[in-house]
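Here the structure comes first, spelled out in structure tokens, and everything after it is commentary.
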Amino acid sequence: MTIRLYHFPTPNALKVTIALEEMALPYTVTTVNILEGEQADPAFRAINPNGRIPALVDGAVTVFESGAILQYLARKSGQFCPADEPGRTEVESWVCWQLAGLGPMAGQVNWFARAAGKPGRDPAETSLALHRFRKEVARLFTVLEARLQGRAWICRDYSIADMACWPWVDKYHEHAGGITRYPAVAQWRARVGARPAVQAALAKASASPGE
Ligand SMILES: N[C@@H](CCC(=O)N[C@@H](CS)C(=O)NCC(=O)O)C(=O)O
């Protein structure tokens, strides 16, 4: 049974394509065009009741939320997440850090930046929100910068924590004031970006419709 990934080219889906490529797991892609509202289709809601991509079906397993998908794939493949409890919990902590912090905060910057350009919006409302969320993204980048001092990877070895964080850092570092402010993050970004599996995942993403 081949894994089926429900996908649209966004950072949350890219995490999963990177993992599938790194783990060399065979998979097929079904595009859910979130710009056309396909995430609301009842057939897709049966897979992810939350109506968001990514989601994944693997035989009897249906899993949504990118962090849960990464952890499932790491268990399935036995790769990119340590088996020992201290190592595993460290990786899970950083995966959750991305899911609860970096992703949502950068996502809010995107939303309010788009809203700010629309007619009829209160500029004070959008600028306060942008100030708040950009400040939080910068704080999170500072946390990552400190973490990556003297380290090649976020945890002990290259792991699903790197895969979770990389697409958001790669695409949205401007929200934190630009990558040059964070030299250790910049080096890590280049290191992860140079991996053949990451390049393969990016090539697949760019072959699909844009965000
Ligand atoms: N916490 C979720 C977030 C998923 C999410 O927000 N996906 C976006 C694309 S990155 C989506 O499907 N958006 C469609 C919509 O907002 O209706 C995860 O990590 O999987």
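Every read-out reported here was derived from the displayed coordinates using simple, explicitly stated rules and does not represent laboratory data. The shown structure was predicted, so the numbers you read here are calculated from the model rather than taken from an experiment. Cβ coordinates were reconstructed from backbone atoms using ideal geometry, including for glycine residues, and neighbour counts include every protein chain displayed.
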Can you tell me the order of 61-74, 39-52, 118-131 when each peptide is scored by its average per-residue count of other Cβ atoms within 10 angstrom, highest first? 61-74, 39-52, 118-131
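If you take the square roots of the eigenvalues of the alpha-carbon gyration tensor of region 129-185 and sort them as a ≥ b ≥ c, do you get rounded (a/c under 1.5), prolate (a/b over b/c) or oblate?
prolate
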Do you know the Lys pair count in the chain for C-alpha distances under 29 Å, with sequence separation 8 or more or different chains? 10
Check: the chain dipole with +1 on Lys, Arg Cβ and -1 on Asp, Glu Cβ, in debye: 400 debye
Residue-span extension gain [R139 to L25] - 0.36 nm each, minus C-alpha spacing: 37.5 nm
State the answer as a single residue: which of Y6, L35, L70 lies farthest towards the positive end of the charge dipole of the chain, with beta carbon charges of +1 for Lys and Arg and -1 for Asp and Glu, about the Cα centre. L35
Between S206 and A100, the two model label points (7 Å from Cα along the beta-carbon direction) sit apart by a distance in nm of 3.6 nm
Tail fraction, Cα-Cα pairs, region 85-195, threshold 16 Å, whole percent: 59 percent
Based solely on its DSSP helices, what 222 nm [θ] is calculated for the chain when runs of n ≥ 4 H residues each add -39,500 (n - 2.57) and the sum is averaged over all residues, nearest 500 deg cm²/dmol? -17500 deg cm²/dmol
For L128 and A83, extending 7 Å from Cα along the Cα-Cβ vector and measuring point to point gives, in nm, a value of 5.4 nm
